[in-house]
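Engineer: Below are the structure tokens for one structure; questions will follow.
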Amino acid sequence: MANGTSTSDRQAPATGQILKKAGQTGTLSRREIVHLLSLDDANGLSALSEAADRIRRRWVGDEVYLRGIVEFSNVCERNCLYCGLRKGNTGLPRYRMTIDEILEAASRIRKLGIGTLVLQSGEDSFFDRDTLCRLIGRIRYEMGLVITLSIGERTREDYLAFREAGAGRFLLKHETASATLYRKLHPDSKHENRVQCLRWLRELGYEVGTGCMVGLPGQTPADLADDILLMKELDADMLGIGPFIPHPQTPLADSPGGGVQATLKMIAVARLVTRDTNIPATTALTTMDPEGSRKALACGANIIMPDFTPLRYRALYEIYPGRGGIGETEETAIARMKETLASLGRSVGKGPGDRRKEERKSGS
Ligand code: 5AD
Ligand code: SF4
């Protein structure tokens, strides 16, 4: 327990009161969030998870939306200390999918009835503004898919061009709200710039996704509370929250990594305070626990992202080791996901699954 939030502290509010306040107002203080993130008794944890599940049902319903993801390049010009795609990892064979390969993956997504494609890559300037705009236009207007980009930091002009070309959504995780920790982990990127990019994306009318890792070396419960508060302040539409998993070919190889329980608590609290956002059950969580997806869906998550990267490339998108599903076809993965959903009494959502905000419906 941290920051004077132990249950023996008479000043500390009780879990039940905090959960009630969250349900009624959707607002919690940093101290209250730290209290929830520090829960470790079975009763407290199940109260948290049930409260998040109720809020999820009330605000986004029982439908779970699928987003097909295509990891089109594992080339990255950055050196984030935690990531297996970092430029300094010279042991990783690099690939770039051709435009035809990307279009072919997009068409498999459409054939399986999924309305949204996430185009993800390392920060790879080979895919310049014009190349990406042409690609986006074809996928959006010839194939009719909603496009989410997840390609890192670019200029405002690039973001504007992608938006005008037909991209409706953008994922850019803030990674950690702690400026100190951010500086240590990112030798070549600035926290201010990251947040600036997120604000530009919002101004340009994207549905914006952000998020963080849980269990980074030196990360405290207060830092995690700040992650939640930043997500709320940015009014992000999508929140990707996953455990940090150490990669052997990175400087953080010997760090312990984040836990499943800690990640589930973050998902639950994020749902409590952001209410109607889209929160995926992340692949990183499933990598740490085969039941990760089911557990996340039971405490606030409402999105699953099946991987449509061709099998010959999938294992090379090695952000962290042991990624699940690298040998599994899309059909098998989706059948498995649908089974999980059915057992939870949930259904697959129809349509693009925008965040339920009328004023942003035109955003995709
Ligand atoms: N463990 C978990 N997630 C990671 N990411 C990068 N490296 C790791 C790791 N070792 C996540 C980051 C980044 C995305 C590309 O993957 O959150 O945004
Ligand atoms: Fe590149 Fe993103 Fe990995 Fe950083 S986290 S090294 S920017 S792929």
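Engineer: What's the extension gain from A315 to E157 if we count 0.36 nm per residue and subtract their Cα-Cα distance?
Structural biologist: Values: separation 158, 0.36 × 158 = 56.88 nm, distance 3.30 nm.
Result: 53.6 nm gained on full extension.
Engineer: Give the relative contact order (percent, whole number) for the chain; include only Cα pairs under 8 Å separated by 6+ residues.
Structural biologist: Values: 669 pairs, mean separation 83.2, N = 364.
It rounds to 23 percent for the chain.
Engineer: Counting DSSP beta bridges in the chain, what percent are antiparallel, to the nearest 5?
Structural biologist: Details: 1 of 30 bridges.
Looking only at bridges with both residues in the chain, the antiparallel portion is about 5 percent.
Engineer: Further question: If you fit an axis through the alpha-carbon atoms of helix 191-203 and take the longest principal axis of the Cα set of the chain, what angle between them do you get, 0 to 90°, nearest 10?
Structural biologist: Long axis of 191-203 versus the principal axis of the chain: about 70 degrees.
Engineer: Let me ask another. Extending each Cα 7 Å along its Cβ direction at R96 and D130, get the distance between those two points in nm, one decimal.
Structural biologist: Using points 7 Å along Cα→Cβ, the separation is 1.4 nm.
Engineer: If one takes the longest principal axis of the Cα atoms in the chain, at what angle in degrees, from 0 to 90 and to the nearest 10, does the Cα axis of helix 221-233 lie?
Structural biologist: On a 0 to 90 degree scale, this one is about 60.
Engineer: May I ask which of K111/K350; K20/K232; K111/K295; K20/K173; K190/K265; K173/K232 have a Cα-Cα span longer than 21 Å here? Each step should come with its number before you reach the end.
Structural biologist: On the way: K111/K350 14 Å; K20/K232 18 Å; K111/K295 29 Å; K20/K173 29 Å; K190/K265 28 Å; K173/K232 13 Å.
Beyond 21 Å between Cα atoms: K111/K295; K20/K173; K190/K265.
Engineer: Stretched out fully, how many nm does the piece from L229 to L112 gain, at 0.36 nm a residue minus the Cα gap? Walk me through the numbers on the way to the answer.
Structural biologist: Details: separation 117, 0.36 × 117 = 42.12 nm, distance 3.66 nm.
38.5 nm is the gain from fully extending L229 to L112.
Engineer: Of the heavy-atom accessible surface of the stretch 289-350 (probe 1.4 angstrom), what whole percent is carbon and sulfur? Before the final figure, lay out each step's value.
Structural biologist: On the way: 1620 of 2730 Å².
On the stretch 289-350, the fraction of accessible area on carbon and sulfur atoms equals 59 percent.
Engineer: What is the sum of charges, Lys and Arg at +1 and Asp and Glu at -1, for the other residues whose Cβ falls under 14 Å from the Cβ of A106? Please list the in-between numbers first.
Structural biologist: Working: positive: R67, R108, R110, K111, R134, R138, R140; negative: E71, D100, E101, E104, E142, D307, E330.
Around A106, the surrounding residues sum to 0.
Engineer: Among H186, H247, H35, which one shows the highest mean-square fluctuation when the chain is modelled as a Gaussian network with alpha-carbon springs under 10 Å?
Structural biologist: Evaluated over the chain, the most mobile residue of the options is H186.
Engineer: For L185, what charge total do you get from the other residues with a beta carbon under 13 Å from its beta carbon, if Lys and Arg give +1 and Asp and Glu give -1? Before the final figure, lay out each step's value.
Structural biologist: Values: positive: R78, R86, K173, R183, K184, K190, R194; negative: E175, D188, D223.
Net charge around L185: +4.
Engineer: Follow-up question, since we're still on this one. Can you give the FRET efficiency to the nearest 0.05 for D41 and E331, using r as the Cβ-Cβ distance and R₀ = 45 Å? Could the numbers behind the result be given before it?
Structural biologist: On the way: r = 42 Å, r/R0 = 0.93.
In this case the efficiency is close to 0.60.
Engineer: Cα axis of helix 260-274 to longest principal axis of the chain: angle in degrees, 0 to 90, nearest 10?
Structural biologist: It works out to around 90 degrees.
Engineer: Tell me, how many Å apart are the Cα centres for the stretch 221-291 and for the stretch 154-177?
Structural biologist: Taking the Cα centre of the stretch 154-177 as reference, the centre of the stretch 221-291 is 21 Å away.
Engineer: Can you give the net charge of the other residues whose Cβ lies under 13 Å from the Cβ of R314, counting K and R as +1 and D and E as -1? It would help to have the intermediate numbers written out before the result.
Structural biologist: Numbers: positive: R312, R323; negative: E71, E101, D307, E318, E328, E330.
So the environment of R314 carries a net charge of -4.
Engineer: If you take the beta carbon distance between S343 and R54 as r and set R0 to 22 Å, what does 1/(1 + (r/R0)^6) give as a FRET efficiency, to the nearest 0.05? Show your work: numbers first, answer last.
Structural biologist: Numbers: r = 19 Å, r/R0 = 0.87.
The pair S343/R54 has a calculated efficiency of 0.70.
The values are calculated or read from the model by the stated rules, or taken from the named source; none is laboratory data. As the structure is a computational prediction, the values presented were derived from the model and not from experiment. Using ideal geometry, Cβ is built from the backbone for each residue, glycine included, and neighbour counts are taken over all protein chains shown. The accessibility values were calculated without ligands, DNA or RNA, using every heavy atom of the protein model including side chains. Shrake-Rupley method; radii C 1.70, N 1.55, O 1.52, S 1.80 Å.
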